[in-house]
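K.L.:
Structure in structure tokens, see below.
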Amino acid sequence: VVGTTSAIDRLIQTGISPAELDLRDGTQENVTFDKSMLSLPPDVELRFVDPPSINLEWQDVVTRTVPIQASRAGQPAKGYEVKGTLEVEPKEVDMKGPASLVEVLQFARLAPFDVTGLTEGVYRRRLAIDDPPPRVRILGSKSATVTVVIARRQTEVKFDHRAVEVVGLPHARAVPALVDVTVSGPPEIVASLRADQVVPRVDLAGAGIDLKSDTHGSTTLKVKVELANAEAECQPPTVTVRW
């Protein structure tokens, strides 16, 4: 543009209003800029526009449903861990925009769920969906609810060939006589266990058998291990008790 110094200074301060293009017919492939498109003061003359024209590319506007992806940041309090996967509700969101942009979207990402310092419990937070690419917009809610479950950290240790103790009858014996025991629980509890504390038992007296009248016989019973603050699983889980 060309004009007086004061006119140009004013124009620099106020700027030029955007050029409005009438594209309602949806077929125009090229736009050439001229003075009629620009709002200039009377004492300012247009010399040229660079570039003098632009090409237009038309695309279909499409809507596509994409999954919502959640992530987490930080670490829970010591001795705790995130249990399972993060649950998201809703699980999907609709995106609308040019086909070339919408059709390549793989997912909508949420802001990370910060689990720093969390202890045991179920936590829910409403998190915002990250902004989509330019010219693509989210239809509906721009956030989702994420649920995180924090549990005590568990560890396992295996105690092999532990003798099965039969409770209720001194001369009764278990077949097989040895089982493997897997103990799971908090690391500090499991790490402190000794083999002699892991005693698999079957309770013949509590099985509802009249041992006075049934002086000889056999039955199948579940093997149990009693431990504080830990769980035990036996393999095999049952034995045959003979007396």
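The values are calculated or read from the model by the stated rules, or taken from the named source; none is laboratory data. Bear in mind the structure is a predicted one, so any value in this text is a computation, not a measurement. So basically every Cβ, Gly included, is an ideal-geometry build from the backbone, and we count neighbours across all protein chains shown. Just so you know, the surface numbers come from the protein's heavy atoms only, side chains and all, with ligands and any DNA or RNA stripped out. Shrake-Rupley method; radii C 1.70, N 1.55, O 1.52, S 1.80 Å.
K.L.:
Being open to solvent by less than 50 Å² (accessible area, probe 1.4 Å), under 17 Å from Phe107 (Cβ atoms) and either in a loop (DSSP other than H, G, I, E, B) or in contact (Cβ under 8 Å) with a residue 60 or more places away in the chain (or both) is the filter here; which residues of the stretch 44-72 pass it?
P.N.:
Ile68, Ala70, Ser71 - these are the residues of the stretch 44-72 that are open to solvent by less than 50 Å² (accessible area, probe 1.4 Å), under 17 Å from Phe107 (Cβ atoms) and either in a loop (DSSP other than H, G, I, E, B) or in contact (Cβ under 8 Å) with a residue 60 or more places away in the chain (or both).
K.L.:
Then there's this: Looking at (1) outside any loop (DSSP other than H, G, I, E, B); (2) in contact with a helix residue (DSSP H, G or I) (Cβ under 9 Å, 6 or more places away or on another chain); (3) open to solvent by 60 Å² or more (accessible area, probe 1.4 Å), which one does Lys158 not meet, given that it meets all the others?
P.N.:
Just one mismatch for Lys158, condition (2).
K.L.:
Right, here's the next one. For the stretch 73-120, enumerate the residues that are β-branched (Val, Ile, Thr) and surrounded by 12 or more Cβ atoms within 10 Å (Cβ to Cβ).
P.N.:
Taking the stretch 73-120 and keeping what is β-branched (Val, Ile, Thr), we get 82, 85, 88, 93, 102, 104, 115-116, 119.
Listed by number, the residues that qualify are Val82, Val88, Val93, Val102, Val115, Thr119.
K.L.:
Determine which member of the set Ser39, Ser71 is in contact with a Phe, Trp or Tyr (Cβ under 8 Å, 6 or more places away or on another chain) and either of a type in the set (S, T, N, Q) or under 14 Å from Thr147 (Cα atoms) (or both).
P.N.:
Going through Ser39, Ser71 in turn, the sole match is Ser71.
K.L.:
Same structure again: Give me a count of the residues in the stretch 198-214 that are in contact (Cβ under 8 Å) with a residue 12 or more places away in the chain and either β-branched (Val, Ile, Thr) or surrounded by 14 or more Cβ atoms within 10 Å (Cβ to Cβ) (or both).
P.N.:
If we filter the stretch 198-214 for residues that are in contact (Cβ under 8 Å) with a residue 12 or more places away in the chain, which is where we start, we get 198-207, 211.
If we keep only those that are either β-branched (Val, Ile, Thr) or surrounded by 14 or more Cβ atoms within 10 Å (Cβ to Cβ) (or both) too, we end up with 198-204, 207, 211.
Counting residues in the stretch 198-214 that are in contact (Cβ under 8 Å) with a residue 12 or more places away in the chain and either β-branched (Val, Ile, Thr) or surrounded by 14 or more Cβ atoms within 10 Å (Cβ to Cβ) (or both) gives 9.
K.L.:
Name the residues in the stretch 26-43 that are under 21 Å from Gln59 (Cα atoms), without any contact (Cβ under 8 Å) to a residue 24 or more places away in the chain and open to solvent by 100 Å² or more (accessible area, probe 1.4 Å), would you?
P.N.:
Passing the criteria: none in range.
K.L.:
Scan the stretch 121-138 for residues that are open to solvent by 60 Å² or more (accessible area, probe 1.4 Å) and either under 14 Å from Ile68 (Cα atoms) or modelled with pLDDT under 95 (or both) and jot them down.
P.N.:
Those that are open to solvent by 60 Å² or more (accessible area, probe 1.4 Å) and either under 14 Å from Ile68 (Cα atoms) or modelled with pLDDT under 95 (or both): Arg126, Asp130, Asp131, Pro134, Arg135.
K.L.:
To continue, here is another question. Quick one: Asn229 ticks every box in (1) part of a loop (DSSP other than H, G, I, E, B); (2) over 30 Å from Ala151 (Cα atoms); (3) of a type outside the set (Gly, Ala, Ser); (4) open to solvent by 80 Å² or more (accessible area, probe 1.4 Å) bar one, so which box is it?
P.N.:
(2)
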